[in-house]
Amino acid sequence: PSGELGRSFFDAAVLDAHLDALDAEQQPDGGWELSWDPPSDASRLEWRGQRTVEALRLLHAYDRI
């Protein structure tokens, strides 16, 4: 799995802490908020969807979901 590569480069405790933080950022509606202010409501929806997919892929790669 792709998560194994990350574990070979980073201390397990550090990696787990970052994955815990990512997991904790999930919103009640299942998505993740953006850390920046997009130029329009439409782009907010699109970028929020992208961030959500990436967060889910990462959590899945490390067997968190």
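The values are calculated or read from the model by the stated rules, or taken from the named source; none is laboratory data. What you see is a predicted model; the values in this text were computed from it and never measured. Quick reminder, even Gly has a Cβ in these numbers, built from the backbone with ideal geometry, and neighbours come from all protein chains shown. Accessible surface is based on the protein model in full, side chains and every heavy atom, while ligands, DNA and RNA are left aside. Shrake-Rupley method; radii C 1.70, N 1.55, O 1.52, S 1.80 Å.
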Per-region count, region 6-54, residues assigned to a loop (DSSP other than H, G, I, E, B) and closer than 14 Å to residue 64 by Cβ: 3
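For (1) open to solvent by less than 80 Å² (accessible area, probe 1.4 Å); (2) in contact with an Asp or Glu (Cβ under 9 Å, 6 or more places away or on another chain); (3) more than 18 Å from residue 61 (Cβ to Cβ); (4) at pLDDT below 95, each residue gets a yes or a no:
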residue	(1), (2), (3), (4)
2	no, no, no, yes
5	no, no, no, yes
8	no, no, no, yes
14	yes, no, no, yes
31	yes, no, yes, no
38	yes, yes, yes, yes
41	no, no, yes, yes
47	no, no, yes, no
50	no, no, no, no
What are the pairs with Cβ atoms under 9 angstrom where one residue, in region 44-65, is farther than 16 Å from residue 21 by Cα and the other, located anywhere, is open to solvent by 70 Å² or more (accessible area, probe 1.4 Å)? Sequence gap at least six, or different chains. 44/37; 47/36; 48/33
